[in-house]
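Quick notes on the structure that follows.
Quick note: the coordinates plus some simple rules give every number you see, no bench work behind them. Worth saying up front: this structure is predicted, and the values here are computed from it rather than measured. Glycine gets a Cβ as well: all are built from the backbone with ideal geometry, and neighbour counts include every protein chain shown.
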Amino acid sequence: NKTSLTLLGLGAMGTALAHSWLAAGHPLTVWNRTAARAEPLAAKGATVTATAAEAVAANGLVVVCLLDDASTAEVLAGTDLAGRDLVDLTTGTPAEARTRAEWARSRGARFLSGGIMAVPPMIGAPGAGAYVLYSGSSALFDAHHDTLAVPAGTEYVGADPGSAALHDVALLSAMYGMLAGAAHAFALIRGEDVEPKRFAGLLAGWLTAMTASVHGTAERLVSGDYTGNVVSNLAMQVAGTATLLRTAEEQGVSPELLLPYVGLMKRRLADGHGDEDTTGVIDLLTSRRPSA
Ligand code: NDP
C-alpha cells in the first residue's frame, strides 16, 4: 500500500522524481505547464491532470519542483491547499522558504521545504549519494518519510523552514569556490607539457585530502580559539600565496579568482592574527552581522 502523491513540475528534476516514485509503485498524479512533458509519464501509469488545482485536489501529499519561487507562487495561486501536506523542492533562498511556509500555513497546509543535493541522473539510483535536505514541519516529514526517501536520501535539518535552503546554498557556494580553484589550476597548466587527464586525477585527490580541514575549522569556530592545533599558520600561508600570484604572472594567467581570498587572508594578517589558520577570514566576511 504505497502512498499516493501529486507532483507539480516536470522539468529535468521533476521528471526524474516522477520516474522514481512510479518505479517504486506509488500512485502518482502529475501536472506540468507544458502538457507534452507529462506524456511519457502517463505511459508509465501516472495520472495527468489539465490544471494544477485538479492535481492538488487529487492527493494529500503534494510535491512541487518548479524553476523558482516565483513560478511556485504562480502555479499554486489557484489551488486549494487546505489539509494538504506541501513539500516544496524548488530551489530558493532561506527567506523565500520562510515566506512560502507562512503562506502555506495561512492556507491550511503543513509545509516542508527541500533542497535537492543531486543532479537528475542521481535520482532513484541507490548508492549515487543523492539526498534532499528538508526543513519545516517535522510532523509532515515523519508522516511521509518513506515516500520522500524513494528518490534520494533524506536529511532533516530543523523546524526553521529556511534551514534546508540555507544548507543547500552554503554547500553550493562552497562548491563554486572549489570549482573556481580548479579553473585557476587548469589555466596554469594549459598549453604546458602537462597531460590534463593525469593532472585531473592529482587535482581530485588533492582537493579530497584538503576537504578534511573543514572539521578543524568547525572546531575552531565552536571553541572560539583560532590558534589551537594550527598546522599551517596564516603568516606562512600569506607568504606562500605570493608564490601563487607570481606563478600566475609568469604563466600569463589572470589572478582574478585567487585575489579575493588572498586579500582577506592579508587583511586578517595585518590585523595581527599571523598565528591563526584561515578561520579568521570568516570573521571578516561576517563582520557586519551582529554576533550570536
Ligand atoms: P527545468 O528548467 O528542467 O524545469 C523547470 C520546470 O518549471 C518545468 O516544469 C517548467 O514548466 C516549470 N516552470 C517554470 N516556470 C514556470 C511558470 N511560470 N509556471 C509554471 N511552470 C513553470 O528545471 P529542473 O527540473 O532541472 O529544476 C527544478 C528545480 O529543481 C529548480 O528549482 C532547480 O534549482 C532544482 N534542482 C535542479 C537540479 C538539476 O540539476 N536539474 C539540481 C538540484 C536542484 P515547462 O515544462 O512548462 O517549461
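Note that segment 167-285 shows a convex hull volume over its alpha carbon atoms of 119 Å³ per residue. Free of any GluC sites (Glu not before Pro) that DSSP assigns to a loop and that have at most 13 other C-beta atoms within 10 Å, the longest stretch within the chain is 1-191. Based on the alpha-carbon gyration tensor of segment 2-151 and its eigenvalue square roots a ≥ b ≥ c, which shape applies: rounded if a/c is under 1.5, prolate if not and a/b is larger than b/c, or oblate? Here segment 2-151 falls in the rounded category. Based on DSSP H segments of at least four residues, each scored -39500 (n - 2.57), the chain has a per-residue ellipticity at 222 nm of -15000 deg cm²/dmol.
Entry note: the chain has Rg to Rh equal to 1.07, where both radii use alpha-carbon atoms and Rh is the Kirkwood radius. State the antiparallel share, in %, of DSSP beta bridges confined to the chain, rounding to the nearest 5. Given both bridge residues lie in the chain, the antiparallel proportion sits at roughly 20 percent.
Among the trypsin sites (Lys or Arg not before Pro) in segment 184-292, those placed in a DSSP loop whose Cβ has at most 13 other Cβ atoms within 10 Å are Arg190, Arg288. Treating each Cα of segment 151-211 as an identical point scatterer and summing with the Debye formula, the log10 of I(q)/I(0) at q = 0.19, 0.27 Å⁻¹ comes to -0.80, -1.12.
Listed by chain and number, the aspartates and glutamates whose C-alpha is less than 14 Å from the C-alpha of Lys2, apart from same-chain residues fewer than 8 away, are Asp146.
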